[in-house]
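Asks: Quick one: structure below, then a few questions.
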Amino acid sequence: MCRDMPPLEQAIQFHGHICPGILMGVRAAEFALKHLEVDPDIDEQLIAVVETDSCGVDAIQVILGCTFGKGNLIHKDYGKAVYTIGSREKNRAVRIAQKFGATASPNRDRFRELKMKKNLNEEEKAEMEGLLGDIFEQIMSMPFEDLFKWEDVPFDFPARARIYPTIQCEGCGEGVMEPRAKKTEQGMLCPSCQIEFGGVANV
Amino acid sequence: MCEANIFFNRGGKEELFMEKVDRIVPGEEDNLFLESIFGERRVVKARIREMELVRHRIVLEEINEETSSKENEIWLELDTDHGHFHEGEEVRLKLFKGYNMRPDKDSDLSNVKAFLLENGERKEIAIIEHHGEMELVLGQEFTGLIPVFVQENNEKELCGKMLVEVGHHHHHEVAPIGLPLEIVPCGFGHARLGESYEIQVLRQGKALGGIEVKATYSGSKNKNYPYKLTTNEEGKASLFLTARGNYLFSVSDDNITSTFTLVKSF
């Protein structure tokens, strides 16, 4: 693209489709930037601790630049739509939690019902599309405080991600990050070969 | 017990649609809201054909929204998914006739004429067939925001308009081009997903209030227009953009149907 893509479009393109979850993530991520008065992350200035692995996290990654690959996206598998975003430069963090039932409505119930259904007929596909449009407008237009609660929290910033040497596994011959390799009777093995030879993976 | 099973009458046969419904609320545009004692909710476009409450049975009849061949519109689309052309690039547009952005492949486009406005002057553009589709080729020399429109004068007058952006960042007010019935964007910024877009309807150059404007978007699964707006006293109406594709606005008055294709920035 030859123009700067707006964050909403970036998030949808990365996620692949429009859904309520990605839209909620967009709202949370945009709020975090504004509240912390920071720009999207380039090199681990920001850290995101996400308590869910659902759609909204893709918006956190794209809009805030806190990604799995950079090591500044930490997942806690709590099953909660809660995102704590910290800025090293500002030395502050905000915890953003989705309010329970914030977007509850008969439209949302029906959308979820159709989403769970395996084979939709043409009418149901059209109905679902219409419901998504209504939900989209609702989520993007609602006051932020009706969707989320937030508070500034103390944050123990982890060390920046380290880069370790890669060594060759003596089982499969593939490269493995040194701290994940383990010395065994078969030599230095990667986690998958450790399991292959009946051991416990060093992860 | 006061609940009833809902059946659809399709081709003379009754098909069970929903069980133990205890609430039916008529809505706008022929919609019926149905709710069962289990909490299941459905919205259908239908009318009640028969109620037999002793047997807990209600029969509905679908309201067919299939496109009527008389509801024809003509509209333009860009021959690029990039949203705009770059300077020096050949500008090509596609011409369609149909309804709700669904082209009618058997339609006759031989009486359609195409024009562009350059420095206020109307210039006719040739319509050519290309790979089974009708195209307008504007060439490579244009730059800026070019108003392009198509017209057909048969029993019914059909118009279609589009603003073609060649180059970048053409933000300014857009003047009407003088169609007898015209949809004008209220300011040409970049139309973006998640934002409202306002248009104005003009009849012979004057604001037309209280008229229905239909809106759809490319790739919609709806058989009919998903959005129906009504203009205010200034002839204006707004739509919150929630689809990724381009939008088509359509308005009809007397014997004229006029469309405006909104090309989204992304």
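Asks: For region A:169-203, how many residues are outside any loop (DSSP other than H, G, I, E, B) and free of Cβ contacts under 8 Å to residues at least 12 places away in the same chain?
Replies: Going through region A:169-203 one residue at a time, the tally reaches 3.
Asks: Hey, another quick one. Identify all residues within region A:124-148 that are more than 8 Å from every other protein chain (Cβ to nearest Cβ), out of contact with any helix residue (DSSP H, G or I) (no Cβ under 7 Å at 6 or more places or on another chain) and surrounded by 15 or more Cβ atoms within 10 Å (Cβ to Cβ); write none if there are none.
Replies: A:Gln138
Asks: Report whether or not A:His35 is under 9 Å from the mean Cα position of the chain (by Cα), at pLDDT 95 or above and not aliphatic (A, V, I, L, M).
Replies: Answer is no for this residue.
Asks: Grab the strands (runs of 3 or more DSSP E) fully contained in region B:30-134, keeping just those with 3 or more residues being open to solvent by 60 Å² or more (accessible area, probe 1.4 Å) and more than 14 Å from chain A (Cβ to nearest Cβ).
Replies: In region B:30-134, B:41-52, B:121-125, B:127-130 are the strands (runs of 3 or more DSSP E) which contain 3 or more residues that are open to solvent by 60 Å² or more (accessible area, probe 1.4 Å) and more than 14 Å from chain A (Cβ to nearest Cβ).
Asks: Residue check: is A:Val26 in contact (Cβ under 8 Å) with a residue 24 or more places away in the chain and outside any helix (DSSP H, G or I)?
Replies: No; evaluated as a whole, the condition is false for this residue.
Asks: Tally up the residues in region A:7-23 that are surrounded by fewer than 18 Cβ atoms within 10 Å (Cβ to Cβ) and in a loop (DSSP other than H, G, I, E, B), please.
Replies: Final tally of qualifying residues: 2.
Asks: Would you mind stating whether A:Cys66 is touching a Leu at 6+ places or on another chain (Cβ under 6 Å), within 21 Å of A:Gln98 (Cα to Cα) and either among the aromatic types (Phe, Trp, Tyr) or open to solvent by less than 60 Å² (accessible area, probe 1.4 Å) (or both)?
Replies: Considered against the rule, which asks whether it is touching a Leu at 6+ places or on another chain (Cβ under 6 Å), within 21 Å of A:Gln98 (Cα to Cα) and either among the aromatic types (Phe, Trp, Tyr) or open to solvent by less than 60 Å² (accessible area, probe 1.4 Å) (or both), A:Cys66 comes out as yes.
Asks: Select from region B:180-236 the residues that are charged (D, E, K, R), open to solvent by 40 Å² or more (accessible area, probe 1.4 Å) and over 23 Å from A:Ile139 (Cβ atoms) and list them in ascending order.
Replies: B:Arg203, B:Lys206, B:Glu212, B:Lys223, B:Glu233, B:Glu234, B:Lys236, listed by residue number.
Asks: Checking B:Val137 against (1) assigned to a loop (DSSP other than H, G, I, E, B); (2) surrounded by fewer than 19 Cβ atoms within 10 Å (Cβ to Cβ), which single condition isn't satisfied?
Replies: (1)
Asks: Taking A:Cys190 as the residue in question, decide whether it is of a type in the set (A, V, I, L, M, F, W, C) and open to solvent by 50 Å² or more (accessible area, probe 1.4 Å).
Replies: no
The values are calculated or read from the model by the stated rules, or taken from the named source; none is laboratory data. Please read all numbers here as calculations on a predicted model, not as lab measurements. Virtual Cβ from ideal backbone geometry, glycine too; neighbours counted across all protein chains shown. Surface accessibility is based on the protein's heavy atoms, side chains included, excluding ligands, DNA and RNA. Shrake-Rupley method; radii C 1.70, N 1.55, O 1.52, S 1.80 Å.
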